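See below for the structure under consideration.
Nothing in this text is a laboratory measurement; each read-out follows from the coordinates by a stated rule. Note that the structure is a prediction, hence the values are computed from the model and not measured. Every residue, glycine among them, receives a Cβ derived from its backbone with ideal geometry; neighbour counts consider all protein chains shown.
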Amino acid sequence: MTTIYLDNAATTQIHPAVLDAMMPYLTGEYFNPSSQYSPALHEKQVLETCRTYLAQTIGAKPSEIRFTSGGTESDNWALKGIAQANAEHGKHVVVSAIEHPAVLESAKWLERNGFEVSQVPVTEEGIVTPEVLAEVMRPDTVLVSIMAANNETGLLQPIRELSQVAHEAGALLHTDAVQVYGKMPLSVTELGVDALSISAHKFHGPKGVGFLYCKRGMAIEPLLNGGAQERGYRAGTENVAGIVGMTAAAALAYGNAPASLNFTADAAYEVEQATAYEQALSRQLEEGILAIPESRINGGGAQRLAGVVSASFKGISSEALLLLLDQEGICASAGSACASGSLEPSHVLQAMGVDDEWASGTIRFSLSAATTAAEIERTLTVLTQSVQHLRSV
Ligand code: PLP
């Protein structure tokens, strides 16, 4: 049985060209970038080439990019590091109700450590509006963290307007852009954000690597104490192969890969083309889903990432449905990978006011540029039969 992989929001397959770019740094180029002999100086140069390229992809300066181990680390660092370093201006932090656990749990940590946290609600469409954010801002608010797109629904948030609200109230704004980077053009200056989290494995790069954009001049506590890596803000020998892989993966989407990387230009795809392709497949999937009685697409009327489809089937158990799909080789998830496995209803759907009888029958399909129309067709056949079967027993 062939596998139909529709869980790309959980993780993606490493692109072969990304692996090719990484290989030299997993084999012969193993030197420690902090060492002083010539081969190691090359590693250091490679890191800086990657940093410069990644900075360009979001309109930032190289010195504003800090390498991390991925989205969770970037989010933890942003929340704890920025709040603590700016505590003299106030101890109030705002997060949205639909954030990833990496943000929500970091906010809880802040609460246990002397900060006050407010959760800003979302509309029924799953959006944080500037007006509602303005209502929770206080003179002592130092940081607002709102994700660029939600991982369960794909809903895009109006970050530009939200950062204006945060700044007018004297606060900084962090955005978790883990689901957006590599799928859409992103500019930190256009969005007006002060910090932004990225994770490589969500866009065909390796797991265990990411970065945090920190706007120049913004105070942030160091994450790890030790050596002088990342200007002393995140000590530890750098994950050179991972960082090269992340850069190559970014170049798949954004083009103009650094010439010094072992990266074939013909592996690149245009973000716009990939978006249009995934949008067309998502439409095919959504039309097929809506043809199933008592089904709906969550956040269907709002702006979403291409390729993320959150569908609910009234009165169905998503666990049972996932099992039937799995038996046919179809990989999807109930809500997000982090929330699935627990029987708790999704906090994202709850925040959107989705009734339990709908929320408990929710499945997230997430596509990639490698998904085919035939795979979507097959998924719809199995899905329709499975829902019918579960409703008949
Ligand atoms: N933030 C969002 C929105 C995510 O979807 C994820 C991945 O599940 C993360 C953060 C965590 O990223 P990582 O798996 O790299 O720790």
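Odds and ends about this structure:
- Among the listed pairs 108/314; 183/215; 80/183; 61/91; 80/202, those whose Cα-Cα separation exceeds 25 Å are 108/314; 80/183; 61/91.
- Cα-based reach from residue 44 at 20 Å (exclusive), listing aspartates and glutamates while leaving out same-chain residues under 8 positions away: 20, 29, 64, 230, 238
- Percent RCO, i.e. relative contact order, over the chain, from Cα pairs under 8 Å lying at least 6 residues apart: 22 percent
- For residue 120, the residues whose amide H sits under 5 Å from its own are 95, 96, 97, ignoring neighbours fewer than 5 places away on the same chain, with H placed 1.01 Å from N.
- Residue-wise HN-Hα couplings along the range 105-119, as the Karplus relation 6.51 cos²θ - 1.76 cosθ + 1.60 with θ = phi - 60° gives them from phi, are 6, 5, 5, 5, 4, 4, 4, 6, 10, x, 9, 9, 10, 10, 9 Hz; Gly and Pro carry x.
- The range 49-110 shape via C-alpha gyration tensor axes, a/c threshold 1.5: prolate
- Euclidean distance of C-alpha centroids, the range 222-282 and the range 22-73, integer Å: 10 Å
- Förster radius 22 Å - calculated FRET efficiency between residue 207 and residue 3, Cβ distance, rounded to 0.05: 0.75
- Shape of the range 235-323, Cα gyration tensor, a/c cut at 1.5: prolate
- Karplus-derived 3J(HN,Hα) values for the range 215-227, using 6.51 cos²θ - 1.76 cosθ + 1.60 with θ = phi - 60°, are 4, 3, x, 6, 6, 8, 6, x, 8, 10, 8, x, x Hz; glycine and proline are entered as x.
- Sparse-neighbourhood loop sites, chymotrypsin sites (Phe, Trp or Tyr not before Pro) in the range 1-99 - DSSP loop, at most 10 other Cβ within 10 angstrom: 37
- Dimensionless Rg ratio for the range 265-393, taking C-alpha atoms and the 2.2 N^0.38 Å reference: 1.06
- Amide H partners (placed H, <5 Å) of residue 144, local residues excluded: 94, 172, 173, 174
- Estimated FRET transfer efficiency (residue 389, residue 276; beta-carbon r; R0 25 Å; 0.05): 0.10
- By the helix-only formula, in which each DSSP H run with n ≥ 4 contributes -39500 (n - 2.57) and the sum is divided by residues, the chain has a 222 nm mean residue ellipticity of -11000 deg cm²/dmol.
- Tensor-based shape of the range 177-293 (alpha-carbon gyration tensor, a/c under 1.5 rounded, otherwise prolate or oblate): prolate
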